[in-house]
Structures are given as structure tokens and as C-alpha cells.
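The values are calculated or read from the model by the stated rules, or taken from the named source; none is laboratory data. This structure is a prediction, so every number in the text was calculated from the model and none was measured. So basically every Cβ, Gly included, is an ideal-geometry build from the backbone, and we count neighbours across all protein chains shown.
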Amino acid sequence: MKAYFGRRYMLSASHRLHTDHLSAEENRRAYGKCNNPHGHGHNYVVEVLVGGPIASETGMVVDMPALDQTVRELVLDRFDHANLNLDQLFVNRVPTTENLCKAVFDLLRDRMPAGRLHAVRVEETENNFFECRDSAQ
């Protein structure tokens, strides 16, 4: 039997949605107010879902402090209060929340302290959220 443990984290970051592959007008049409030359910010909620067997010794899927440390080191320390456009992961990629969600998933995928990363969900606003899942599960 597999069980799942989910944990929520908060981070604040800014970005500008813009690509050199589009003209100025095409960027405005594609990204609207998110194409503001000065950028804008979000208070993101990042949810991490880990699945695996329940350890008989502890009764848990994953040790929460170990998971917190992993997420803090790989995600929060990197992206919290950062301009995503300046991060190496977004040099050749528009820092949409879809791409942020994928980046977080990729950073965490093979670094879980126990279990297996099942999904990452990033909430950008109360109306917008994005999710990446392990396709092998």
C-alpha cells in the first residue's frame, strides 16, 4: 500500500513574462499586464506531495523535518524574494508559473529524503494554480 504526504510552503518572487522570440506587440498580447517592463510579484504557495510505503518504525511516509530541509535548501533559499528572470533556470525559458512548477519538480525529483515525489503544485493567485506530476506513477 502506498500513502501520500503533502506539505505547503510559501515564497515571494517577481518575474516578467517576456520572450525575445516574439515582437513587443506579440508579447503584450500573449502576456498582457504580466509583460510589464518592471515586472511584478506573487506570493506563491508551493505544495509538495510525496508517496511511498508507510515506514513500520515511524508510521510515516517521509520525515517532515527532512522534507522541510530539502525544500528549503533546493527551492525556498533559491527562489524566495528573487527575480525569477535572473535565475539560471530561466535564462532561456520564460518564467511562467508553469515553468516554475516544472523547475521545482525537477529540482526535488531525485532528492526526496524518503518516498517518491508524486506531484508539485504551485498556486500563483487564488484563481491560478499549476501542477506537475510524476508520469511514472
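Only a single criterion out of (1) assigned to a helix (DSSP H, G or I); (2) modelled with pLDDT of 95 or more is not satisfied by His42, namely (1). The condition (being more than 12 Å from Ala13 (Cβ to Cβ), outside any loop (DSSP other than H, G, I, E, B) and aliphatic (A, V, I, L, M)) is satisfied by just one residue among Leu107, Leu76: Leu107. Among the numbered conditions (1) closer than 30 Å to Leu67 by Cα; (2) free of Cβ contacts under 8 Å to residues at least 60 places away in the same chain; (3) hydroxyl-bearing (Ser, Thr, Tyr), the only one that Ser23 does not meet is (1).
Yes/no matrix, rows are residues, columns are (1) over 14 Å from the mean Cα position of the chain (by Cα); (2) among the acidic types (Asp, Glu):
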site	(1), (2)
Leu86	yes, no
Asn99	no, no
Asp110	yes, yes
Gly115	yes, no
Val120	no, no
Arg133	no, no
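Here Asn83 clears all of (1) farther than 19 Å from Tyr4 by Cα; (2) out of contact with any Ser or Thr (no Cβ under 8 Å at 6 or more places or on another chain); (3) touching a residue at least 40 places away in the same chain (Cβ under 8 Å) except the condition numbered (2). When Leu117, Leu100 are screened for being farther than 16 Å from Leu11 by Cβ, buried (at least 20 other Cβ atoms within 10 Å of the Cβ) and modelled with pLDDT of 95 or more, only Leu117 passes. Within region 110-137, the set of residues being in a loop (DSSP other than H, G, I, E, B) and out of contact with any helix residue (DSSP H, G or I) (no Cβ under 6 Å at 6 or more places or on another chain) comprises Asp110, Met112, Ala114, Gly115, Thr125, Glu126, Asn127, Asn128, Asp134, Ser135, Ala136, Gln137. Would you check which residues across region 35-77 are surrounded by 15 or more Cβ atoms within 10 Å (Cβ to Cβ) and without any contact (Cβ under 8 Å) to a residue 24 or more places away in the chain and list them? Within region 35-77, Asn35 is the sole residue that qualifies. Hey, among the residues in region 1-19 that are at pLDDT 95 or above and basic (Lys, Arg), which one's surrounded by the fewest Cβ atoms within 10 Å (Cβ to Cβ)? Going through the qualifying residues, I end up with Arg8.
Is it true that Val50 is farther than 18 Å from Phe129 by Cα, in a strand (DSSP E or B) and of a type in the set (A, V, I, L, M)? Break it down into steps so the answer makes sense when it comes.
Numbers: farther than 18 Å from Phe129 by Cα: yes; in a strand (DSSP E or B): yes; of a type in the set (A, V, I, L, M): yes.
Considered against the rule, which asks whether it is farther than 18 Å from Phe129 by Cα, in a strand (DSSP E or B) and of a type in the set (A, V, I, L, M), Val50 comes out as yes.
Could you go through region 20-30 and let me know if any residue there is at positive phi, in a helix (DSSP H, G or I) and either at pLDDT below 95 or surrounded by fewer than 13 Cβ atoms within 10 Å (Cβ to Cβ) (or both). Within region 20-30 (the criterion being at positive phi, in a helix (DSSP H, G or I) and either at pLDDT below 95 or surrounded by fewer than 13 Cβ atoms within 10 Å (Cβ to Cβ) (or both)), the answer is no, since none of the residues qualifies. Residue count for region 91-128 under the criterion of being over 15 Å from Gly41 (Cα atoms) and without any contact (Cβ under 8 Å) to a residue 24 or more places away in the chain: the result is 8.
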